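Have a look at the structure below before the remarks.
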Amino acid sequence: ATTLGSAASAKGRYFGTAAAAYKFSDSVYTRILDSEFTMVTPENEMKWDATEPSQNSFNYASADTIVARAKANGQRVRGHALAWHSQQPSWAQNLSGTALRNAMVNHITNVATHYKGQLYAWDVVNEAFSDNGDGSRRNSNLQQTGNDWIEVAFRTARAADPNVKLCYNDYNTDGVNAKSTAVYNMVKDFLARGVPIGCVGFQSHINSASPLPSDYQANLQRFADLGVEVQITELDIAGSGTAQANSYANVVKACLGVSKCAGITVWGIRDSDSWRSGDTPLLFDNSGDPKAAYNAVISAF
Ligand code: XIL
């Protein structure tokens, strides 16, 4: 039977989902996870608070469960996320300056080494730009360690894993705007200076306040034209019925229109699995039945 994964594969793309290890005892969840998707992103299990709950003491149990299940099913894995202002363990939140910078480097080295050779891509840095409309960096504790923290994170990840694709990932960068242009300029600068970056992730959390931009494909294309792969990394679209289905189809068409768009990942399986379940933003309903948006995605491939 046609699945999201097989439909995408026919066009040389992957189709992924975020997955949560604690749901693996739910047979409806695992049936869909195992059969429909060709890429998996741990929803929370690879984040700093999960993998290094106390400083220099690492816990990979939940993340390893996801990687093992994916491997058993022939699925690839996107690592998410090595350096981020959010979901940091409290010990890291309480550090600053050189101590925080060194802790970030140690974290990246350990986690990227643990997963060396096992992942398709890493979100090395997540959400480092602000929503101010001026293209500035987010004023996070990591930013306060020095403006070079992003390139240091990328170089550290590369030193630990020589072959994994290294991505910058963010939200509200889905159309051409001040934030996406700031990311674009950073990527261009990194490529010019030999900072190892190979991909840009567009989260694509689409809601009524930020609907799918009309220049979505053009924005993906301008990044692709720099020479990096582009990936849709956390897609979810608020709504229901035909309107939601059409938006999903438009995302698929935009990716297919950009040869360097490697694939699409949705941020969960059933609406009830979503981090914003009130928006019913996913492809399967609470019972695990495919929605109109599911059929639209299959047709758009
Ligand atoms: C979300 C998860 O889905 C939730 O379970 C968690 O409570 C908070 O984080 N951008 C990201 C993701 O990069 O890691 C976030 O995931 C959603 C926004």
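Yes or no: Asn250 under 19 Å from Ser6 (Cα atoms), modelled with pLDDT of 95 or more and open to solvent by 60 Å² or more (accessible area, probe 1.4 Å)?
yes
Restricted to the stretch 253-286, and to residues that are closer than 24 Å to Pro213 by Cβ, buried (at least 19 other Cβ atoms within 10 Å of the Cβ) and of a type in the set (A, V, I, L, M), which residue is farthest from the ligand (Cβ to nearest atom)?
Val258
Would you confirm, using the coordinates I've provided, whether Ala128 is crowded, with 17+ Cβ neighbours inside 10 Å, among the small types (Gly, Ala, Ser) and in contact with an Asp or Glu (Cβ under 8 Å, 6 or more places away or on another chain)?
Yes, satisfied.
If only one of Ala192, Ala182, Ala238 is within 15 Å of the ligand (Cβ to nearest atom), farther than 24 Å from Gly117 by Cα and out of contact with any Leu (no Cβ under 6 Å at 6 or more places or on another chain), which one is it?
Every option except Ala238 fails the conditions.
Among the residues of the stretch 1-32, write down those that are open to solvent by 40 Å² or more (accessible area, probe 1.4 Å) and either without any contact (Cβ under 8 Å) to a residue 40 or more places away in the chain or among the aliphatic types (A, V, I, L, M) (or both).
Listed by number, the residues that qualify are Ala1, Ser6, Ser9, Ala10, Gly12, Ser25, Asp26, Ser27, Val28.
Yes or no: Asp289 acidic (Asp, Glu) and within 16 Å of the ligand (Cβ to nearest atom)?
no
Among the numbered conditions (1) free of Cβ contacts under 8 Å to residues at least 60 places away in the same chain; (2) within 21 Å of Val297 (Cβ to Cβ); (3) surrounded by 16 or more Cβ atoms within 10 Å (Cβ to Cβ), tell me where Ser35 comes up short.
With (1) free of Cβ contacts under 8 Å to residues at least 60 places away in the same chain; (2) within 21 Å of Val297 (Cβ to Cβ); (3) surrounded by 16 or more Cβ atoms within 10 Å (Cβ to Cβ) applied to Ser35, the lone miss is (3).
State which residue is farthest from the ligand (Cβ to nearest atom) when the search covers only the stretch 87-118 and only residues that are in a helix (DSSP H, G or I) and open to solvent by 60 Å² or more (accessible area, probe 1.4 Å).
Among those residues, the one meeting the criterion is Thr98.
Among the residues of the stretch 31-67, count how many are assigned to a helix (DSSP H, G or I) and at positive phi.
So the count comes out to 0.
Taking the stated definitions as given, is Ser214 modelled with pLDDT of 95 or more, open to solvent by 40 Å² or more (accessible area, probe 1.4 Å), within 13 Å of the ligand (Cβ to nearest atom) and over 19 Å from the mean Cα position of the chain (by Cα)?
no
The values are calculated or read from the model by the stated rules, or taken from the named source; none is laboratory data. Note that the coordinates shown come from a computational prediction; the quantities given were computed from them, not determined experimentally. With ideal geometry, Cβ positions are generated from the backbone for all residues, glycine too; neighbour counts draw on all protein chains shown. All accessible areas refer to the heavy atoms of the entire protein, side chains included, with ligands and DNA or RNA removed. Shrake-Rupley method; radii C 1.70, N 1.55, O 1.52, S 1.80 Å.
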